[in-house]
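Participant: What follows is a structure written as structure tokens; I'll ask about it next.
What follows is calculated from the coordinates using simple rules that are stated; it is not laboratory data. Every value quoted in this text rests on a predicted model; they were computed, and no experiment measured them. Note that we place each Cβ from the backbone using ideal geometry, even for glycine, and neighbour counts take in every protein chain shown.
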Amino acid sequence: MTIQSDIFVGQEVASLTFNLPIPPRPWARTGGQGKRRFTPEHLREYYKSIAYYATTQLQPGWREFTEPCTLTIYLNPEYAQIHVTRDLSLRRMLRGDLSNYVKAIEDGLQGVLWENDRQIARLSVEEVDVDLTDLKPPEREAT
């Protein structure tokens, strides 16, 4: 079942929802040696499938967002639902992909807060523009 709910602001789409009718796959580390890396063939095919299903559900004349946006993904074992909203109230402050920051934190907490980051069933991340200087890390005891 395909769901598409476009919200228009002026002549441009500000929000859309669509389904990927294929089982979700996890990202996997790329192979290679030294600085040479490659994306495994099965992931390249999966990326092509995602792009195909997304483009077949977009309205003609669709243009990719160039402004900050909010991405919400609902996953089940058989398909994914994607919701993206252009959000001009957001401002990017961090360099790099937000998901890469999340993965580094997840990996650093593995074995500390959970056995494996596969246990995470809900994830909420937001880049915020607030002063966090009053937050002090806990002091470590000398060993």
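Participant: Net charge near CYS69, counting Lys/Arg +1 and Asp/Glu -1 over other residues with Cβ under 11 Å of its Cβ?
Facilitator: Details: positive: ARG86, ARG92; negative: GLU64, GLU67, ASP87.
Result for the neighbourhood of CYS69: -1.
Participant: Using only C-alpha atoms and all pairs of different ones, pull out the Kirkwood radius for segment 7-90 in Å with one decimal.
Facilitator: Every distinct Cα pair counted, the radius reaches 14.9 Å.
Participant: Going by how many other Cβ atoms sit within 10 Å of their own, how do TRP62, TRP27 line up, fewest first?
Facilitator: TRP27, TRP62
Participant: If you stretched the chain out fully between GLU64 and TYR101, how much longer would it get, using 0.36 nm times the residue separation minus the C-alpha to C-alpha distance?
Facilitator: That works out to 11.0 nm of additional length.
Participant: Using a 7 Å offset from Cα along Cα-Cβ at THR72, what residues in segment 116-130 end up with backbone N under 14 Å from the label point?
Facilitator: Residues 123-125 qualify, since their backbone N sits under 14 Å from the label point.
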